[in-house]
Amino acid sequence: MRACIIGAGLGGLATASLLVKNGWEVVLYERERIGGRALSCSPDEYENLIKKFEMKIISKNLDTSLKGYKIDLGFHLLGGGKKGACVRLLKKLGINIDFVGSRLGLIGDKIDYPILKAKDKLKILPRILQLLTTRKSKIEEMKKISIEEMIERYGKGKLKLILELFPRLITTVNDLSKISAGETFFAQRELLGGHPVIYPYDGLESISKSIANYIINNGGKIIYKKVDKIIIEDGVAKGIKIGKEEREYDLIISTIPVQHIFSVADEREFPDEWVNYIKKLKPTGSLVSYHAIDIDRIGNALNKSFVFIERDVDFEGNDVVGMVDFKMNYTLGIAPKKKCIIQSYAICSPEEAKNRKKMLELKDIIDKNLERLLPNYEKYVEWSIYSSIWHLDGVAKTIDCIKPNVNTPIKNLYIAGDCVSSKGVGMNCAVDSANLIITSLSSLLSP
Ligand SMILES: Cc1cc2nc3c(=O)[nH]c(=O)nc-3n(C[C@H](O)[C@H](O)[C@H](O)COP(=O)(O)OP(=O)(O)OC[C@H]3O[C@@H](n4cnc5c(N)ncnc54)[C@H](O)[C@@H]3O)c2cc1C
């Protein structure tokens, strides 16, 4: 069986690796470079690359030498620690990558690290477990209940704060009335664990590079070409077109942002209902920033992460939640000796991300929280970049936006990546989509 995968982001790479493992002949096509939205680059390449990923620079100060730094497209941490889909896949493939993990601190009137002390967990966990177990049988019903409603019913003290923070961090959506309690509750348990957020040594690209090597070493192919068209005849996907050349495959899996699928597949071949549904799916947005600084200036924040909540601001959801992280530093091989990149992000809607005025307001919110965490930090920043992104997560995991399944109305055409309805969000969701593809194809896979 010959499969063609369009896109070598984490979704495409994960799917290719599992298909190869299951004996398929796999060709992966990538128009840019492997890693997709989870790629690393030198700061000099950054400006050109982000244009291709629905991002825009809002502010920058790049006057000094950027030599020796490696950056991603923007803030990147893997949620769910080592229990997340990404680490589980690496294990399954026998790939060994080291990660640095941390707990989460809170930037408030004072800095509280970690937010959840052992005594808080003892107090909160039984309540959360109770909510989970009493409602487990009614998980479908819970999916329709918003976190806002949940807070009204059960939110008191620190549990209220946790319910205000984590569902927003998990979904990259500020509006609590849109976040489904059912979808985020199980993920919450992971965030309460030992190392809720992790980052790989050698940068994010170490993940995509090692999966790509696995694919090639096991007979798969990666071809650096843009796919121009998916050939569909009588409701069946038959192959792809690159320029004028046609190539036939038994199975086609697209991982390009699902809202853009009709740029390569003729929408007249799909039922109108599906076309309208896909076109309306909403992604998520953020402002991400990098600040390079001397390690001596960050006190004991090295390798730690901190979250903040800015209340009663003029953004969708009324509050803005964000994170500041110190894992991108020389101890992980990402910055020159004794240097650290502070990576931060603040959540916003995709519409707000496209609005420069709103992004400057969000920049002020990030700066204010950096100042609370590291007084006078600005004096010591060597270079900085702020970029807005309006396609952070392919499809928002919200009550009013139901993510599509991996199969499409077209026979032999599947979709994978972070836009489909799999576990978790972002990189974990993209990787987990590969498991769903394998399950869907189980009858076709070799025994
Ligand atoms: C700034 C930013 C910050 C983020 N922060 C986090 C975070 O902290 N934690 C987290 O878990 N997630 C985060 N995410 C989300 C995460 O990066 C994505 O969910 C994940 O990388 C998506 O993987 P994917 O394979 O679904 O899609 P992509 O990575 O977008 O892969 C799709 C690939 O398809 C290729 N392609 C498109 N069209 C074609 C074509 N016609 N022919 C051939 N190739 C094509 C593209 O070049 C791309 O490589 C962030 C994303 C961004 C942009």
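Each reported figure results from applying straightforward, stated rules to the coordinates on display, with no laboratory input. All of these numbers come straight from a predicted model, not from anything done at the bench. Every residue, glycine among them, receives a Cβ derived from its backbone with ideal geometry; neighbour counts consider all protein chains shown.
Determine the relative contact order of the chain: mean sequence separation of Cα pairs under 8 Å and six or more apart, normalised by residue count, in whole percent.
About 25 percent, as a whole number.
Size of the dipole of the chain about the Cα centre, Lys and Arg at +1 and Asp and Glu at -1 on the beta carbon, nothing else charged, in debye to 20?
About 1280 debye.
Just tell me which aspartates and glutamates come within less than 15 Å, Cα to Cα, of Lys411; anything on the same chain fewer than 8 places away is out.
Glu233, Asp234, Glu248, Asp250, Asp266, Glu267, Glu269
What translational D, rounded to a whole number of µm²/s, comes out for region 268-427 from Stokes-Einstein when the hydrodynamic radius is the Kirkwood one over Cα pairs, at 20 °C and 1.002 mPa s?
Once the numbers are plugged in, D ends up at 121 µm²/s.
Per the Kirkwood treatment, what hydrodynamic radius in Å, one decimal, follows for the chain from the mean inverse distance over all distinct Cα pairs?
22.4 Å
Under a 10 Å cutoff between Cα atoms, tell me which one of Gly105, Gly79, Gly243 has the largest fluctuation in the Gaussian network model of the chain.
Among Gly105, Gly79, Gly243, the largest mean-square fluctuation in the Gaussian network model of the chain belongs to Gly243.
I need the calculated FRET efficiency for the pair Leu49 and Lys123, taking r as the beta carbon distance and R₀ as 60 Å, to the nearest 0.05.
E between Leu49 and Lys123, to the nearest 0.05, is 0.85.
Highest first, please rank the peptides 399-410, 337-348 by the mean number of other Cβ atoms sitting within 10 Å of their residues.
337-348, 399-410
Starting from the Cα of Arg268, move 7 Å in the Cα-to-Cβ direction to define the label point; list residues of region 203-237 whose amide nitrogen is under 20 Å from there.
Once the point is set 7 Å along Cα→Cβ of Arg268, 228-237 turn out to lie under 20 Å by backbone N, inside region 203-237.
What angle, in degrees between 0 and 90 and rounded to the nearest 10, separates the Cα long axis of helix 205-217 from the longest principal axis of the Cα atoms of the chain?
For helix 205-217, the angle is close to 20 degrees.
Given Lys282/Lys354; Lys83/Lys423; Lys241/Lys282, which pairs have Cα atoms separated by over 21 Å?
Lys241/Lys282
Relative to the longest principal axis of the chain, what angle (0 to 90°, nearest 10) does the C-alpha long axis of helix 118-136 take?
On a 0 to 90 degree scale, this one is about 40.
What's the center-to-center distance, using Cα atoms, between region 75-94 and region 278-320 in Å?
21 Å
Give me Val313, Val431 ranked fewest to most by other Cβ atoms within 10 Å of their Cβ, as a rough exposure proxy.
Val313, Val431
Report, ordered by chain and residue number, the lysines lying within cross-link reach of Lys67, taken as a straight Cα distance under 19 Å and ignoring same-chain residues fewer than 8 apart.
Partners found: Lys327, Lys337, Lys338, Lys339.
Taking every pair of Cα atoms in region 39-90, average 1/r, invert it to obtain the Kirkwood radius, and report Rg/Rh to two decimals.
My calculation puts Rg/Rh at 1.08.
Residue separation times 0.36 nm, minus the C-alpha to C-alpha distance between Arg88 and Val236: what's the value?
Contour length minus the Cα-Cα distance gives 50.0 nm.
Mind checking the full-extension length gain between Asn218 and Asp98? Use 0.36 nm per residue of separation minus the Cα-Cα distance, one decimal, nm.
40.9 nm
Cα axis of helix 426-440 to longest principal axis of the chain: angle in degrees, 0 to 90, nearest 10?
The angle comes out near 30 degrees.
Please order Lys379, Lys70 by the number of other Cβ within 10 Å, starting at the fewest.
If I rank by nearby Cβ atoms, fewest first, I get Lys379, Lys70.
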